[in-house]
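Data block below; observations after.
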Amino acid sequence: MKNLKMNKISLKSILKKTFNKKSKTKKKVTSKKVAKVKKSKILKQKKKVKEIKISKLSKKKSLISKKKTNEKIDNKSENLRIPKSNEVKPEIIKVKKQESQKKEYKVKEHVVYPKHGVCKIIDFKKTTIGGIELESYVLSYDKDKATGYCPVNKQSHLRPLATINQVNKCISILKSKPKIKRSMWSRRAQEYEAKISSGKIYELAEVVRDLNKGDDLMVDQSYSERQLFEKAYDRILTEFQIILDMSLEDTQKKLDKALKRNLEGQIKNKPLENKTPTNDLPIEEPVSDTEENIAG
């Protein structure tokens with residue numbers, strides 16, 4: 001009997017323990033599920049909040065952009081709008097006279113304008129351009145048969161003719177060996193053009209020296225190269241002619257002598273030795289047997 005009682009007690013205790021464990025596990029599982037649900041809810045709420053903020057920002061940006069576009073349209077319309085008679089217009093103050101300087105050059109004097117070469121001052125005029133009074137030199141280019149104007153304010157661009165000492169130095173530059181760089185022709189052409197337009201006589205002489213090919217027909221010379229040479233040669237020739245007070249032919253001869261040009265033409269023009277003409281025909285040589293066989 002005692003044993004039966006003991007067994008019943010032990011079964012009860014075992015059953016209680018098992019039921020208690022199951023309830024505890026159920027509680028733990030339910031608590032975990034609740035926590036997960038809460039987290040998911042919180043995340044969803046956060047996402048919603050973010051979406052609302054983003055939508056608000058996008059709306060603000062769109063409003064700002066619309067305002068800017070409207071402002072631009074308004075400004076354009078204001079610019080295009082025809083002003084009414086009642087509106088006050090701003091006063092535009094015009095300069096009536098330009099600042100004048102002392103004249104450095106006289107009428108009938110030769111000067112050099114760097115971009116166009118040697119020219120002569122014909123007259124001195126006061127002209128009005130756009131309601132502004134200008135004092136300017138009237139320049140004439142005999143070769144091009146053209147006239148130009150140079151304001152007195154910008155007479156620093158002009159330069160007087162070179163001296164005889166400068167001419168002698170130019171001739172020594174022309175006699176020296178050419179200094180040709182190994183760079184591309186396009187770059188060298190730009191450098192030569194800059195030297196020509198500078199108006200400096202030494203730089204002109206350098207261009208003529210470097211581009212001079214003499215009478216060597218075997219040397220290839222491009223069209224642009226020949227054009228630059230002729231431009232520099234003509235400018236230096238006209239300046240030398242006025243300074244040395246010589247004829248065009250004599251100054252050209254002097255330049256060509258320094259550059260060693262037209263030497264072959266001078267040699268060709270010399271009279272040839274008179275050879276006595278002979279009426280005798282050349283004696284025919286006898287044809288050998290071997291030559292006859294080759295002809296056959």
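The values are calculated or read from the model by the stated rules, or taken from the named source; none is laboratory data. These numbers come from a predicted model, not from an experiment. We place every Cβ from the backbone using ideal geometry, glycine too, and count neighbours over all the protein chains shown.
Considering every residue within the stretch 165-183, establish whether at least one is over 21 Å from VAL111 (Cβ atoms), in contact with a Lys or Arg (Cβ under 7 Å, 6 or more places away or on another chain), modelled with pLDDT of 90 or more and of a type in the set (D, E, K, R).
No.
Given ILE14, ILE42, which one is among the β-branched types (Val, Ile, Thr), over 47 Å from the mean Cα position of the chain (by Cα), surrounded by 10 or more Cβ atoms within 10 Å (Cβ to Cβ) and at pLDDT 75 or above?
ILE42
Quick check, is GLY117 touching a residue at least 40 places away in the same chain (Cβ under 8 Å), assigned by TED's automatic domain parsing to the domain that holds ALA258, small (Gly, Ala, Ser) and surrounded by 15 or more Cβ atoms within 10 Å (Cβ to Cβ)?
no
Which condition number does SER197 fail, the rest of (1) in contact (Cβ under 8 Å) with a residue 60 or more places away in the chain; (2) of a type in the set (Gly, Ala, Ser); (3) surrounded by 17 or more Cβ atoms within 10 Å (Cβ to Cβ) being met?
With respect to (1) in contact (Cβ under 8 Å) with a residue 60 or more places away in the chain; (2) of a type in the set (Gly, Ala, Ser); (3) surrounded by 17 or more Cβ atoms within 10 Å (Cβ to Cβ), SER197 is out only on (3).
Residues of the stretch 219-255 being within 36 Å of the chain's Cα centre (by Cα), surrounded by fewer than 18 Cβ atoms within 10 Å (Cβ to Cβ) and hydroxyl-bearing (Ser, Thr, Tyr), which ones?
Those that are within 36 Å of the chain's Cα centre (by Cα), surrounded by fewer than 18 Cβ atoms within 10 Å (Cβ to Cβ) and hydroxyl-bearing (Ser, Thr, Tyr): SER222, TYR223, SER224.
Are any residues in the stretch 142-187 touching a Cys at 6+ places or on another chain (Cβ under 8 Å) and in contact (Cβ under 8 Å) with a residue 40 or more places away in the chain, and if so, which ones?
Selection gives HIS157, LEU158, ALA162.
So ASP220 fits all but one of (1) among the acidic types (Asp, Glu); (2) in contact with a Pro (Cβ under 9 Å, 6 or more places away or on another chain); (3) modelled with pLDDT under 85; what number is the exception?
Condition not satisfied by ASP220: (2).
Does the stretch 78-99 include one or more residues that are at pLDDT 80 or above, surrounded by 10 or more Cβ atoms within 10 Å (Cβ to Cβ) and at negative phi?
Of all residues in the stretch 78-99, those at pLDDT 80 or above come to none.
No: zero hits.
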